[in-house]
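Accompanying notes for the structure given below.
Values quoted throughout were computed directly from the atomic coordinates according to the rules given, and no laboratory measurement underlies them. Just so it is clear, the structure is predicted and the values come from calculations on it, not from any experiment. Every residue, glycine among them, receives a Cβ derived from its backbone with ideal geometry; neighbour counts consider all protein chains shown.
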Amino acid sequence: MLKTNRGFWKFFLLSIITFGIYSLVFWHVWGNDLNRIVEKDGDKPQISFLAAFFLGIITFGIVPLVWYIKMVVRVYGKAEKKGVEVKGSLVFFLIAEIVLSFTIVCPIIALIQLFKTMNNLCGWYNNNFKEVRVEEAPAEEVKVEEVQE
């Protein structure tokens, strides 16, 4: 089951309290969940956020920025393709995050809408696919089957 209760304010406060460590874990888990969703359509998964973060050290932040933009495009694209309720729009998100970032309020609104859209997308995934643990396989391996109705 993918997480469907991500909240911006919880993310914001825990990121401050943990000096940013929570945000690294949060985006890593978010990216893994999104990869599980996009792999169902045969799309290529994105690199993990932690890999992008460490590559950002030697690329002066370019790789995490590209990871972030690709992730946002994938969330909104998959949500629209699957008929999932989309909060906000990709265009608003990019304008709010890039052009209006100095306002502070617009990026927060854009992130709240992104979190809601991702929660809806994960809810769609949970309703349409069930996970079955494979007994002989390592604990990390999960088999996903489509729900037959």
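Å³ per residue of the Cα convex hull, for the stretch 83-133? If you can, show how the numbers build up before the last one.
On the way: hull volume 4.0 nm³, N = 51.
Spelled out: Cα convex hull of the stretch 83-133, divided by residues, is 78 Å³.
With each pseudo-label sitting 7 Å past Cα toward Cβ, what's the ILE16-LYS40 distance in nm, one decimal?
3.6
For PHE129, what residues show an amide H to amide H distance below 5 Å, using hydrogens built from the backbone and excluding near sequence neighbours?
VAL147
Nearest 500 deg cm²/dmol is fine: what mean residue ellipticity at 222 nm does the chain get from its DSSP H runs of n ≥ 4 alone, each adding -39,500 (n - 2.57), divided by its residue count?
Rounded to the nearest 500, the figure is -19500 deg cm²/dmol.
Helix 62-82: angle to the longest alpha-carbon principal axis of the chain, degrees 0 to 90, nearest 10?
Between helix and principal axis, roughly 50 degrees.
Could you pull out the chymotrypsin sites (Phe, Trp or Tyr not before Pro) across the stretch 1-56 that fall in loop regions by DSSP (anything but H, G, I, E, B) with no more than 14 other Cβ atoms inside 10 Å?
PHE19
If I model the stretch 51-91 as equal point scatterers sitting on the Cα atoms and use the Debye formula, what is log10 I(q)/I(0) at q = 0.18, 0.25, 0.26 Å⁻¹?
The Cα Debye sum returns log10 ratios of -0.56, -0.74, -0.77.
Beyond a 22 Å Cα-Cα separation, which of these cross-linked pairs lie in this structure: LYS10/LYS81; LYS10/LYS70; LYS44/LYS82; LYS3/LYS70? Present the calculation step by step, with values, prior to reporting the outcome.
Values: LYS10/LYS81 29 Å; LYS10/LYS70 24 Å; LYS44/LYS82 17 Å; LYS3/LYS70 20 Å.
Checking Cα-Cα distances, LYS10/LYS81; LYS10/LYS70 exceed 22 Å.
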